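Heads up: the structure comes next, in structure tokens.
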Amino acid sequence: MNDEIFGSLEYNDMQNFCGKVKTSVLGSEEEVDIMIQAEEESDKIAESQREAFRLFSENEDKLKDEIMEGLLSYYNDELKYSYGNDEMWQDIDTTEDMKAQLEWNWIQIPGDYITDDAPVLYLIFHCKWEDEDPDPQGMAVEITEGSITNIGTAEIAF
């Protein structure tokens with residue numbers, strides 16, 4: 001499928017249209033995976049799903065610092081030492097330290113039947129401190145109508 005906003009997309013077995021988009025949340029522009037939820041391959045991408053990405057893209061430059069500060073705060077205030085062994089946890093004191101510990105997993109846009117037409121998307125990151133963890137949690141940022149509304153483990157996106 002070709003989409004006017006997302007470009008070339010392929011449908012996968014996990015009920016998502018998958019493709020690549022550009023973003024620079026972690027500092028430099030890079031292509032990242034995007035998954036747009038759809039129950040059937042014949043489904044159309046909803047306008048609220050396009051709107052979620054458009055609002056994120058328009059606000060991305062303003063949100064970069066807030067995203068990193070939010071992830072840093074969540075890590076130090078809630079996540080650190082909450083599971084796993086104590087040796088896996090890193091001292092992460094600055095947003096630059098946090099950026100160095102994160103890798104993109106993907107951007108997830110849930111189906112509009114889940115979000116009640118609110119333009120929502122999730123930025124999902126792999127955390128390097130979890131490299132040896134057999135059940136990594138990752139971290140996610142929920143963005144609703146172009147503003148950060150939640151930060152937590154990647155579970156918030158599912």
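Of note:
- Just so you know, in the range 128-158 the residues that are in a loop (DSSP other than H, G, I, E, B) and not acidic (Asp, Glu) include one that is farthest from Leu71 (Cα to Cα), and it is Pro134.
A quick yes/no check of all residues on (1) of a type in the set (Phe, Trp, Tyr); (2) modelled with pLDDT of 90 or more; (3) surrounded by 15 or more Cβ atoms within 10 Å (Cβ to Cβ):
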{"site": "Ser8", "(1), (2), (3)": "no, yes, no"}
{"site": "Cys18", "(1), (2), (3)": "no, yes, yes"}
{"site": "Met35", "(1), (2), (3)": "no, yes, yes"}
{"site": "Glu41", "(1), (2), (3)": "no, no, no"}
{"site": "Asp61", "(1), (2), (3)": "no, yes, no"}
{"site": "Ile67", "(1), (2), (3)": "no, yes, yes"}
{"site": "Gly70", "(1), (2), (3)": "no, yes, yes"}
{"site": "Tyr75", "(1), (2), (3)": "yes, yes, yes"}
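- Taking the criterion of being assigned to a strand (DSSP E or B) and open to solvent by 100 Å² or more (accessible area, probe 1.4 Å), the residues of the range 21-33 that qualify are Lys22, Glu31.
- Residue check, Phe53 aromatic (Phe, Trp, Tyr), within 19 Å of Thr144 (Cα to Cα), buried (at least 19 other Cβ atoms within 10 Å of the Cβ) and touching a residue at least 12 places away in the same chain (Cβ under 8 Å): yes
- The C-beta contact set for the range 57-80 (first residue within 26 Å of Phe6 (Cβ to Cβ), second residue outside any helix (DSSP H, G or I) and not aliphatic (A, V, I, L, M), distance under 7 angstrom, 6+ apart or interchain) comprises Glu58/Gly146; Asn59/Gly146; Glu60/Thr23; Glu60/Ser24.
- Screening Met98 against (1) within 30 Å of Asp43 (Cβ to Cβ); (2) surrounded by 13 or more Cβ atoms within 10 Å (Cβ to Cβ) leaves a single unmet condition, (1).
- Subset of the range 84-108 that is touching a residue at least 40 places away in the same chain (Cβ under 8 Å) and in a helix (DSSP H, G or I) - its residue that is nearest to the chain's Cα centre (by Cα): Lys99
- Residues satisfying the criterion are absent from the range 143-157 (criterion: open to solvent by 40 Å² or more (accessible area, probe 1.4 Å), modelled with pLDDT under 90 and under 20 Å from Asp33 (Cα atoms)).
- Test for Pro119: is it in contact with a helix residue (DSSP H, G or I) (Cβ under 6 Å, 6 or more places away or on another chain) and either more than 21 Å from Lys20 (Cβ to Cβ) or open to solvent by 40 Å² or more (accessible area, probe 1.4 Å) (or both): no
The values are calculated or read from the model by the stated rules, or taken from the named source; none is laboratory data. None of the values given here were measured: they were computed from a predicted structure. A quick note on method: Cβ atoms are made from the backbone with ideal geometry, for glycine too, and the neighbour counts reach across all protein chains shown. These area figures cover heavy atoms from the full protein model, side chains too; ligands, DNA and RNA do not enter into them. Shrake-Rupley method; radii C 1.70, N 1.55, O 1.52, S 1.80 Å.
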